[in-house]
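Okay, so here's the structure we're looking at.
Values quoted throughout were computed directly from the atomic coordinates according to the rules given, and no laboratory measurement underlies them. Everything quoted here is computed from the prediction, not taken from an experiment. FYI the Cβ positions are ideal-geometry reconstructions off the backbone, even for glycines, and counts take in every protein chain you see.
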Amino acid sequence: MRGVAAVVAVLCAVLAGAVAGVGAAPERTTLSLRPVVSGLDSPVHVAAPRTEPNRLYVVEQPGVIRVVVAGRLRAAPFLDIRHLVSSGGERGLLSLAFHPNYAKNRRLFVNYTDRNGDTRVVEYRSNGVRALPGTARRWLLVRQPYGNHNGGQLAFGPDGRLYVGMGDGGSGGDPLNHGQRRDTLLGKLLVRNVNVAASRWQVNALGLRNPWRFSFDRANGDLWIADVGQGAWEEIDWTPRPQLRQLRNYGWSAFEGRERYSNRPLAGGVLVQPVHVYGRDDGCSVSGGFVYRGAALPAERGRYFFGDYCTGKVWSLGARGAGLRTEPFTVPRLTSFGEDARGELYLVSHGGTLYRLVR
């Protein structure tokens, strides 16, 4: 009888637990950050080819790309173009993108503001150890009317084309209405097939203020954009991959976040409302991240991580921007996020430290 009673008790406990767990959120292991390297000079971006699992390439704003090999900072730079770059404030060497076929063609692309303060996208080739300065080829030059809102992000999309995020040209309130004008590349998401020399830059989307980091989900190709706000709202925009084929309008400067900012009319495209906004209580300059697709943190797969430069707060969102979660750590002067070849996630502090997201 005692044996039967014990079995019944166990079954009841199991059933009770199952009932209690219906609809409940899965238990989550608390996340933390592990420093990878420090002593970097104003880092603003980190990237890696998918064929190099033990390397990270860190972009330093003054104009240098450093290499981290198996957790150690290599002394010799991968690329040093400080003599070409105007750095300070929001200017500098701002991002790096490796061609999807980098392992064979050794092509890479950088985005920087030149000595005149204008945006350049330039291709280099490498020998596998360092980029070769003599191979420089300019793909884009955009004149900048002011010293801020340069955008600066480069990324290859799921279609194999190169995407460039352009800010509205600066000042405050988009005085020249670049976000909603169709006769300028400022305030736009641009795209080009860099495998075809005769190709042209196309406007993929308009209505951006200062897209400080965008990324494509490596699992499904969805696009996530973090657009820095004017004075009230920071925003996160999500676009599923099938909608990348249509012209989209992210609203600025007719809208800031979800609210009307001005009476300027929209200049076409399908209006995309942000999936998340936050106000000045939580920060003042959003830094966009990535959807986590690594293997080390299986419970986090599918969550989009982002943060704020001013407060150092870090959050994550679930699918389609639902389920906001505040993460249990901050990163002072958070400038960027990055993925390694395996999809593990890294966070960059402008103060000089590169962190990895861990349990």
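Once amide H atoms are placed 1.01 Å from N in the peptide plane, what residues at a sequence separation of 5 or more from Asp308, or on another chain, have their amide H within under 5 Å of its amide H?
Excluding prolines and chain starts, which carry no amide H, the hits are Ser287, Lys313.
What percent does the relative contact order of the stretch 124-202 come to when contacts are Cα pairs within less than 8 Å and at least six residues apart?
22 percent
Each label point is 7 Å from the Cα along the Cα-to-Cβ direction; what then is the distance between the points at Leu132 and Ala322, in nm?
Distance between the two pseudo-spin positions: 5.2 nm.
Taking every alpha carbon pair in the chain, what does the distance histogram look like in 10 angstrom bins from 0, in percent?
Histogram of Cα-Cα distances, whole percents per bin: 5, 25, 34, 22, 7, 3, 3, 1, 0.
I need the trypsin sites (Lys or Arg not before Pro) found in the stretch 275-324, filtered to DSSP loop residues with at most 14 other beta carbons within 10 Å of theirs. Before the final figure, lay out the partial values.
Values: sites: Arg280, Arg293, Arg301, Arg303, Lys313, Arg320; in loops: Arg280, Arg293, Arg301, Arg303.
Loop-located and lightly packed - Arg280, Arg301.
Among Arg125, Arg209, Arg161, which comes first, second and so on when ranked by fewest other beta-carbon atoms within 10 Å?
Arg125, Arg161, Arg209
Placing +1 at every Lys and Arg Cβ and -1 at every Asp and Glu Cβ, with all other atoms neutral, what dipole size does the chain have around its Cα centre, in debye to the nearest 20?
1060 debye
Along the stretch 204-217, what does the Karplus equation 6.51 cos²θ - 1.76 cosθ + 1.60 (θ = phi - 60°) give for ³J(HN,Hα), rounded to whole Hz, x for Gly and Pro?
8, 7, 10, x, 9, 8, 7, x, 7, 4, 9, 8, 10, 5
Could you work out the relative contact order of the chain, using alpha carbon pairs under 8 angstrom and six or more residues apart, expressed as a whole percent?
Over the chain, the number comes to 15 percent.
Would you mind getting the Kirkwood hydrodynamic radius of the stretch 130-219 from its Cα pairs, rounded to one decimal in Å?
14.0 Å
Of Ala197, Asn54, Thr330, which is farthest towards the positive pole of the chain's charge dipole, taken about the Cα centre with +1 and -1 on the beta-carbons of Lys, Arg and Asp, Glu respectively?
Ala197
Just to be sure I understand: with springs between alpha-carbon atoms less than 10 Å apart, which residue in Val46, Val164, Val142 has the highest mean-square fluctuation in the Gaussian network model of the chain?
Taking springs between Cα atoms under 10 Å, the residue moving most is Val142.
Only Cα pairs within less than 10 Å get springs; with that Gaussian network setup on the chain, which residue of Gly338, Gly169, Gly39 has the largest fluctuation?
Among Gly338, Gly169, Gly39, the largest GNM mean-square fluctuation belongs to Gly39.
Return the whole-Å distance between the Cα centroid of the stretch 317-331 and the Cα centroid of the stretch 260-307.
Value for the Cα centre distance between the two parts: 10 Å.
Which value, in nm² and rounded to one decimal, describes the direction-averaged projected area of the C-alpha convex hull of the stretch 37-95? Could you put the intermediate results ahead of the total?
Working: hull surface 16.1 nm².
Average of the hull's projected areas for the stretch 37-95 equals 4.0 nm².
Any chance you could tell me what percent of the C-alpha pair distances in the stretch 185-300 go past 25 Å?
Of all Cα-Cα distances in the stretch 185-300, 26 percent exceed 25 Å.
Can you bin the stretch 252-359 into rounded, prolate or oblate? Criterion: square roots of the alpha carbon gyration tensor eigenvalues sorted a ≥ b ≥ c, rounded for a/c under 1.5, prolate for a/b above b/c, oblate for the rest.
Prolate.
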